[in-house]
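Asks: Before I ask anything, let me first share the structure, which is written out below as structure tokens.
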Amino acid sequence: MSNYETITVEKRESVAVLTINRPDKLNSLNYNVHAESVAALDELRKDDAVRVVVITGAGQKSFVAGADISEFEGKTPVTQRNVFQERTLFNSVDTFPKPVIAMINGFCLGGGNELALACDIRVCSENARFAQPEINLGIICGGGGTQRLTRLIGEGRAMEMILTGDMIDAQKALNYGLVNYVFPLEELEAETMKLANKIAEKAPIALQMSKEAVKFASRSNLDEGLRREVDLFAICFSTEDKQEGVSAFLEKRKPEFKGK
Ligand code: COA
């Protein structure tokens with residue numbers, strides 16, 4: 001794995017942990033974090049030994065406190081449009097072929113919440129706080145917040161978060177369905193790794209097909225979605241892992257999936 005300045009990547013067996021590492025700036029997303037994270041995800045995408053990625057922030061205070069606001073100074077509309085339309089971190093996570101879990105350990109604001117929203121599953125610590133505070137800067141979300149948050153928690157709740165910019169706490173995020181679990185901070189990592197390892201044991205191609213099919217549900221109508229699902233289901237029948245899964249069940253043993 002390459003050396004990075006603003007992130008770290010650690011492989012723990014089949015789970016890779018990508019940590020945004022600017023704790024003195026509450027892990028806010030500057031251009032370098034974006035570029036390095038996209039590059040790291042490109043490496044992890046090609047690494048067959050990695051089956052699940054966990055994204056988190058360094059320290060105990062913040063997951064990601066949004067875009068690095070200092071980089072907003074003097075930017076033109078065209079520059080910002082280009083930056084946010086290029087190969088962004090949000091899109092790289094969204095289209096990443098393996099499951100990605102956001103391990104939210106504190107402030108999850110603005111682009112941080114948009115990054116979490118691009119992940120497949122979100123879990124957080126009790127001290128986590130969530131907001132889309134862009135409105136307080138006189139701007140709106142640019143990393144998918146208006147679209148992904150609305151699809152995940154519904155228009156009324158998303159609208160209130162986006163129009164007020166107010167923070168919600170971990171319990172409210174759980175009630176909204178924004179996160180799947182809330183853990184005490186000291187248990188967050190162990191519980192997240194438990195979840196990541198459980199998923200990492202499944203058949204990689206079936207995981208990829210599952211992710212693609214579920215993501216397609218909010219991008220299509222029911223008939224298109226059902227057609228896509230059955231096509232992906234059929235592809236699974238061409239894999240060695242399908243054979244292994246079925247044989248293991250019939251032989252009453254644990255399957256060993258190879259991603260083939
Ligand atoms: N961009 C750039 N720097 C940021 C940042 C961001 N989004 N969020 C925090 N920081 C920096 C602070 O400027 C400060 O740097 P300094 O020590 O050099 O002054 C450092 O991180 C610590 O933050 P601080 O504000 O002192 O911590 P706090 O506990 O008092 O407040 C927050 C925490 C999250 C409430 C506050 O930092 C905040 O509101 N951040 C901006 C959140 C935001 O609007 N994000 C959306 C951007 S579109």
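Just so it is clear, none of the values below were taken in a lab; they were calculated from the coordinates. Every value quoted in this text rests on a predicted model; they were computed, and no experiment measured them. A quick note on method: Cβ atoms are made from the backbone with ideal geometry, for glycine too, and the neighbour counts reach across all protein chains shown.
Asks: In degrees, nearest 10, range 0 to 90: what is the angle between the Cα axis of helix 222-236 and the longest Cα principal axis of the chain?
Replies: 50
Asks: Could you work out which residue, out of Asn91, Asn32, Asn113, moves most in a Gaussian network model of the chain, that is, has the largest mean-square fluctuation with Cα springs under 10 Å?
Replies: Asn32
Asks: Now a separate question. Mind jotting down the three principal axis lengths of the stretch 22-91 based on Cα atoms? Whole angstrom, largest first.
Replies: Rounded to whole Å, the extents work out to 43, 30, 13 Å.
Asks: Would you mind getting me the FRET efficiency between Arg151 and Arg253? Use the beta-carbon distance for r and R0 = 45 Å, nearest 0.05.
Replies: Computed FRET efficiency for Arg151 and Arg253: 0.70.
Asks: If you take every DSSP beta bridge fully contained in the chain, what fraction is antiparallel? Give it as a percent rounded to 5.
Replies: 25
Asks: How much length is gained on full extension from Lys260 to Glu10, taking 0.36 nm per residue of separation minus their Cα-Cα distance?
Replies: 87.5 nm
Asks: Suppose we keep just the alpha-carbon trace of the stretch 158-216; what are its Rg and Dmax in angstrom?
Replies: In order Rg, Dmax, the Cα atoms of the stretch 158-216 give 15.5, 42 Å.
Asks: Suppose R0 equals 22 Å; then what is the FRET efficiency for Thr164 and Ile139 from their Cβ-Cβ distance, rounded to the nearest 0.05?
Replies: Between Thr164 and Ile139 the formula returns 0.90.
Asks: Three principal axis extents, largest first, for the C-alpha atoms of the chain, in Å?
Replies: 61, 42, 36
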